[in-house]
Amino acid sequence: MMTASTARAEDGYDLWLRYAPLGAATAAETRIRELVSPDDTPVQTATRRELQRGLRALSGIAPARADRVNRDGALLVGTPASSPLIAGLDLDLEGLGEEGYRIRSAVVGGHATTVVAANSDVGALYGSFHLLRLLQTGQPLEDLDIREAPRLALRVLNHWDDLDRYVERGYSGQSIWDWHRLPGWLDPRYTDYARANASIGINGAVLNNVNANAEVLTPMYLEKVAAIAGVLRSYGMKVYLSARFSAPMEIGGLATADPLDAGVQRWWRAKADEVYALIPDFGGFLVKANSEGQPGPQDYGRSHADGANMLADALAPHGGVVMWRAFVYSDEEPVDRAKQAYNEFVPLDGRFRDNVLVQVKNGPIDFQPREPFHPLFGGMPKTPLMMEFQITKEYLGFSTHLAYKGPLYEEVLDADTHVRGPGSTVARVIDGALDGHALTGIAGVANIGSDRNWSGSHFDQANWYAFGRLAWNPELSSRDIAVEWTRMTFANDPAVVEPVVGMMMASREAVVDYTGALGLHHVMDRGHHYGPGPWVEGGPRADWTSVYFHRADANGIGFDRTRRGSDAVSQYAPPVAEIFDDVTRTPEKFLLWFHHVPWGHTMRNGRSLWDELVLRYDRGVNAVRDMRATWAGLDGRIDPERHAQVAAFLAIQQAEAQWWRDASIAYFQSISGLPLPAGVAPQAHTLEHYKALEFPHAPGDTQ
Ligand code: GCW
């Protein structure tokens with residue numbers, strides 16, 4: 001059946017801000033008749049415009065604009081400073097900080113009114129987006145009494161975007177930053193990007209790749225950066241840049257980048273002054289140093305703290321921060337790669353300046369479909385630790401596979417580090433509650449590009465959305481977020497919401513199953529990381545191969561990280577370490593992450609490990625087949641353009657899941673020498689066939 005909304009052509013550009021018309025009954029019940037909101041600052045203007053746009057589209061009728069409340073059904077927005085009416089209400093706005101807000105049903109001037117009140121314009125903007133979300137998701141506007149404030153201070157996207165618009169690990173077109181035409185041409189996309197981010201509370205963006213080019217710090221580029229900052233500012237967003245540690249040599253003509261060299265320190269101070277003269281609210285620098293070939297303080301025998309502090313001192317007079325990445329592993333170090341960041345950084349705890357955050361990936365290896373939480377969370381109590389999640393799906397099927405990462409984020413945030421007893425969750429480490437840090441943050445490696453639908457696929461928009469919502473409140477449920485997103489992105493109809501949310505919630509586990517379950521990791525093909533490659537060995541470094549990580553041999557499989565092995569388990573607090581050290585207590589989802597076990601190891605369900613692994617591959621493929629069938633059943637309930645693309649991508653995913661399954665089984669069977677469990681179909685081709693496949697132009701191949 002075609003309804004009015006499914007008849008609209010949709011290409012995904014509007015994201016979750018489609019403001020699709022509400023049904024007549026809902027529109028009549030929730031209609032805002034009058035809008036009273038200030039319009040004196042850029043943020044106020046942005047807020048008012050968004051409300052007008054949203055309210056008009058949702059209800060079909062534009063609200064009247066007024067300076068005071070004249071009728072029932074009014075919406076009053078502002079701060080005590082911007083609105084005498086709000087000041088007169090004497091609302092309790094304490095504890096909301098600069099970004100929080102209240103939404104209240106009240107009687108103003110004798111009229112039923114919805115009030116969005118905050119301490120700052122940005123808070124009122126966030127509150128307005130929240131109100132629009134209530135309307136979009138079909139909530140009643142009665143008896144509202146909402147108090148919201150973000151749990152984390154810095155909620156930023158990391159764009160791995162190069163200045164030539166190549167996006168490292170990007171699967172959605174080119175960089176949205178059109179550097180060549182900047183600053184003269186401000187693509188309207190920048191505004192829509194900022195709107196989308198503000199709607200979920202993201203308040204910062206690192207514009208360029210952590211594998212940084214120093215040129216972004218030259219005057220020509222800083223002018224372009226300032227132009228972007230000008231657009232983002234109206235939506236409460238700050239810009240940050242990735243700083244290349246050797247910039248003083250590359251663009252400053254110095255002979256060294258030694259952080260203890262006075263000339264180098266002067267250079268960075270002058271550079272910071274120059275940046276802030278152009279961008280007074282510049283956020284600061286993100287740095288990847290001494291990692292995967294990037295320059296850093298260790299090139300001069302200095303520590304990560306020396307490097308971070310030197311930059312922190314340059315930024316401090318202006319209020320900027322340094323986000324120093326902990327994603328480091330040495331190319332000589334024979335130590336288990338999973339242990340290296342912890343070994344490097346824990347001794348530096350307490351040695352960083354106040355305006356430094358150490359940014360830690362969610363797990364100790366690298367954004368795999370499943371990893372245990374990084375042991376640095378809880379391991380550096382004196383240092384604010386920032387979470388780094390990947391939103392782009394480097395290891396979860398690029399943009400064609402449907403994999404909702406909300407459950408992955410949730411699993412990590414909810415993980416209990418036990419460092420201060422039970423309840424010491426990763427969420428409470430990063431929100432500062434556990435160790436009393438006020439400077440807190442979270443970063444997501446963006447999946448945004450020049451594709452019309454921004455993220456490469458319609459469902460990948462949900463990962464951007466979920467990241468933002470969890471950045472605001474890391475204790476939200478990923479299912480609730482999926483419901484919200486589905487209602488706004490597709491429809492409020494339960495016949496759409498239930499199946500779509502069901503698909504989303506099962507999707508990440510499906511990817512885990514068909515790429516390698518039970519704690520397997522880093523088994524993808526080399527370089528571009530597209531498709532299976534459990535056979536990958538040799539090359540420049542052992543810890544870039546698959547065999548290093550799965551360690552499969554005739555006897556068994558898995559990386560022994562117990563006390564008898566690499567002892568990575570001891571980097572966790574004792575109650576956690578004991579569990580991970582004990583094969584009978586380790587959650588089976590992490591079995592092969594922490595243990596090398598015989599192929600015949602008995603799983604909790606009584607099956608052998610080998611049989612279970614094979615059945616998991618099948619389970620993953622079957623889950624994709626089910627998603628496809630579910631989606632096919634939604635034909636006619638979703639607009640045809642988006643429905644068709646999702647359907648085509650699911651077909652790709654099914655074929656690739658089968659490929660992952662077949663190739664992986666072929667490889668592991670060549671090692672285990674065991675027969676497939678009864679009833680399991682053999683793989684379609686020989687192992688040699690899968691090993692010979694090459695993808696010379698797959699995204700990520702050339703860089
Ligand atoms: O995930 C890996 C990627 C690299 C990336 C690196 C990092 C930006 O394969 O492309 O480089 O991690 O996070 O620094």
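Coordinate-derived values only; no laboratory data. All values derive from a computational prediction rather than experimental measurement. Note that we place each Cβ from the backbone using ideal geometry, even for glycine, and neighbour counts take in every protein chain shown.
Remarks
- Relative contact order of the chain: 12 percent, from C-alpha pairs under 8 Å at least 6 residues apart in sequence.
- In terms of its C-alpha gyration tensor, region 7-148 comes out prolate, because a/c is 1.5 or above and the ratio a/b outweighs b/c.
- With the simple spin-label model, which puts each label point 7 Å out from Cα in the Cβ direction, the A698 to E274 separation comes to 4.1 nm.
- Label point at E641 placed 7 Å out along Cα→Cβ; residues across region 466-487 whose backbone nitrogen lies under 19 Å: none
- Inter-label distance, nm, simple model (7 Å from Cα along the C-beta direction), D40/V335: 5.7 nm
- Computed lengthening from A438 to A632, 0.36 nm per intervening residue step minus Cα-Cα distance: 65.0 nm
- For region 261-289 versus region 585-631, the gap between their alpha-carbon centres in whole angstrom: 49 Å
- Of the GluC sites (Glu not before Pro) in region 280-379, the ones in a loop by DSSP (not H, G, I, E or B) with at most 15 other beta carbons within 10 Å are E292, E332.
- Fewest-first ranking of M603, M237, M387, using other Cβ atoms within 10 Å as the exposure measure: M603, M237, M387
- The chain shape via C-alpha gyration tensor axes, a/c threshold 1.5: oblate
- For a label point 7 Å along the Cα-to-beta-carbon line of T191, residues of region 44-67 with backbone N under 11 Å: 46, 49-50
- Each Cα pair under 8 Å and six or more residues apart adds its separation to the average, and for region 154-489 the resulting relative contact order is 19 percent.
- Where trypsin sites (Lys or Arg not before Pro) fall in DSSP loop in region 324-413, at most 14 other Cβ within 10 Å: K382
- Global form of region 154-489, assessed from the alpha-carbon gyration tensor, a/c cut-off 1.5: oblate
- With the simple spin-label model, which puts each label point 7 Å out from Cα in the Cβ direction, the A9 to A684 separation comes to 3.5 nm.
- Per-pair calculated FRET efficiency, R0 = 56 Å: A87 and N343 via Cβ, rounded to 0.05: 0.55
- Among the listed pairs K271/K405; K288/K691; K288/K393; K382/K589; K382/K405; K238/K339, those beyond 28 Å (Cα-Cα): K271/K405; K288/K691; K382/K589; K382/K405; K238/K339
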